[in-house]
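Before any comments, here is the structure.
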Amino acid sequence: MTRFKIRGEQKLSGEIRVKGAKNSILPILAAALLSDKTVVLHDLPYLIDIENMMLILQSIGCKIKREGSTMIIDPSSVTDHVIPDRYVKEIRSSIVMLGAVLARMKKAVITYPGGCEIGQRPINLHLQGLRQLGVVISESHGYLECEAPRLTGADIHLDYPSVGATENIILAASAAEGRTIIRNAAKEPEIIDLQNFINSIGGRVHGAGSNTITIEGVKRFNGTEYTIIPDRIVAGTYLVAAAITGSEITVSNVNFEHIQSIVTKLREAGCIITHSNGSVRIKSPQRLRAIEHTKTYPYPGFPTDMQALLMSMLTVAKGTSIITENIFENRFKHVPELIRMGANIRTEGKIAVIQGVPGLKGARVNASDLRGGAALVLAGLKAEGETIVDDIHHIDRGYEKLEESLRSLGADIERVEV
Ligand code: UD1
């Protein structure tokens with residue numbers, strides 16, 4: 001077991017650079033399969049989710065080389081269409097492999113990905129969309145067996161703007177015959193990044209970032225060299241780390257537009273935030289103010305991936321804050337852990353009421369999911385005394401050596417193997 005040991009109450013200072021977005025990289029790695037030419041990706045952090053996605057690509061025949069934050073993918077010898085179970089269980093978002101493998105091989109087999117730490121996470125919208133493109137899907141013994149001798153463009157209306165479903169449909173439609181229109185599509189920046197990547201290898205995707213995306217299928221794709229957009233959730237995490245500790249730091253390689261909803265909340269709490277040339281400077285007050293009501297929504301709304309992090313900050317703000325989690329049904333697992341650290345939080349269904357306390361106390365707590373785990377680390381930075389965060393493999397799925405990044409800003413945190 002690996003854990004973080006944190007001694008709190010240290011101020012942070014200095015500058016930290018954000019790398020490429022995990023949630024862009026995963027679908028873009030899948031999209032590399034559309035081509036049989038070499039793809040070079042830049043600015044990739046070392047994350048367990050990315051390593052696992054790399055293993056999936058290798059298991060079906062891709063050759064991959066990693067040189068620091070650059071990855072070179074040669075998909076010319078892909079021969080297999082069966083995505084091994086063990087990785088799908090490890091990394092739920094590997095479901096985006098389905099659209100990509102179908103585009104490349106015209107068939108695919110994948111385990112039905114079950115629920116995860118933050119809820120049920122159904123894939124009905126992915127499957128409905130793929131069926132409309134002509135994919136025949138049979139579900140048996142926990143496997144999805146998919147065949148599409150011919151993928152054909154279709155007019156698809158999503159019941160809900162699911163990020164993963166939008167990505168899967170874009171991937172399959174990119175190699176379909178004719179035009180696909182996705183209505184009520186997800187508008188997340190990572191969808192735009194996927195569009196830009198696919199277009200850079202010769203695809204024809206338009207409209208990402210709006211709720212209608214049009215894809216003209218093409219027969220041949222090229223190689224490319226591509227730099228991933230900065231991770232807006234990692235940027236948000238550092239900003240909240242500064243806010244909760246009353247610090248002043250600079251976060252660089254940030255697309256300010258992508259973090260608008262986060263910045264609005266931090267300003268409401270009393271932080272002063274300025275930006276120029278892709279860098280964001282945050283100056284935090286001695287005591288944060290409560291934020292009346294935060295509701296998670298699809299982009300450009302406040303991201304569910306920041307909910308736990310914001311909550312950890314609000315535990316020490318002056319006054320009462322309310323958070324409504326609209327996206328995932330089981331995303332309050334950090335609450336009992338924050339309460340162990342002295343927070344005053346009540347939850348009912350998807351609503352959490354946070355009564356700010358003057359300070360937190362170090363405790364032994366458990367990370368049960370990625371962002372919830374990071375939220376506990378931030379609480380530990382603020383807390384008096386020592387905090388131990390157990391099960392940090394969840395955190396390593398989405399943060400590259402979080403302890404080294406926070407230490408470079410002056411935090412007292414170490415990784416301990418036991
Ligand atoms: C992606 C992100 C995740 C983020 C989430 C919401 C990646 C790798 N992960 O996850 O970090 O928290 O977006 O911003 O990019 N739903 C259905 N049926 C479906 C698909 C989804 O009902 O077929 C529901 C889900 O249960 C959930 C909501 O739609 O309530 C949002 O899910 P979705 O946008 O699909 O999230 P992911 O793509 O899984």
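Quick look at the values:
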{"quantity": "Residues being in a helix (DSSP H, G or I) and open to solvent by 30 Å² or more (accessible area, probe 1.4 Å) - total across the range 57-74", "calculated": "2"}
{"quantity": "Complete set of residues in the range 78-94 that are of a type outside the set (D, E, K, R) and out of contact with any strand residue (DSSP E or B) (no Cβ under 7 Å at 6 or more places or on another chain)", "calculated": "VAL78, THR79, PRO84, TYR87, ILE91, SER93, SER94"}
{"quantity": "Breaking point among (1) within 28 Å of THR38 (Cα to Cα); (2) open to solvent by 40 Å² or more (accessible area, probe 1.4 Å), for VAL205", "calculated": "(2)"}
{"quantity": "Single residue of the range 297-319 satisfying the filter (open to solvent by 20 Å² or more (accessible area, probe 1.4 Å) and in contact with a Leu (Cβ under 9 Å, 6 or more places away or on another chain)) that is farthest from the ligand (Cβ to nearest atom)", "calculated": "LYS318"}
{"quantity": "Residue among LEU102, LEU125 that is aliphatic (A, V, I, L, M) and open to solvent by less than 10 Å² (accessible area, probe 1.4 Å)", "calculated": "LEU102"}
{"quantity": "All positions within the range 75-90 that are modelled with pLDDT under 85 and open to solvent by less than 10 Å² (accessible area, probe 1.4 Å)", "calculated": "VAL88"}
{"quantity": "Helices (runs of 4 or more DSSP H) wholly inside the range 113-220 containing at least 3 residues that are away from the ligand (no atom under 13 Å from the Cβ) and either of a type in the set (Val, Ile, Thr) or touching a Phe, Trp or Tyr at 6+ places or on another chain (Cβ under 7 Å) (or both)", "calculated": "189-200"}
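The values are calculated or read from the model by the stated rules, or taken from the named source; none is laboratory data. What you are looking at is a predicted structure, and each value in this text was computed from that prediction instead of being measured. Note that each Cβ is placed from the backbone with ideal geometry, even for glycine, and that neighbours are counted across all protein chains shown. We work out accessible area using only protein heavy atoms, side chains counted, and drop any ligands, DNA or RNA first. Shrake-Rupley method; radii C 1.70, N 1.55, O 1.52, S 1.80 Å.
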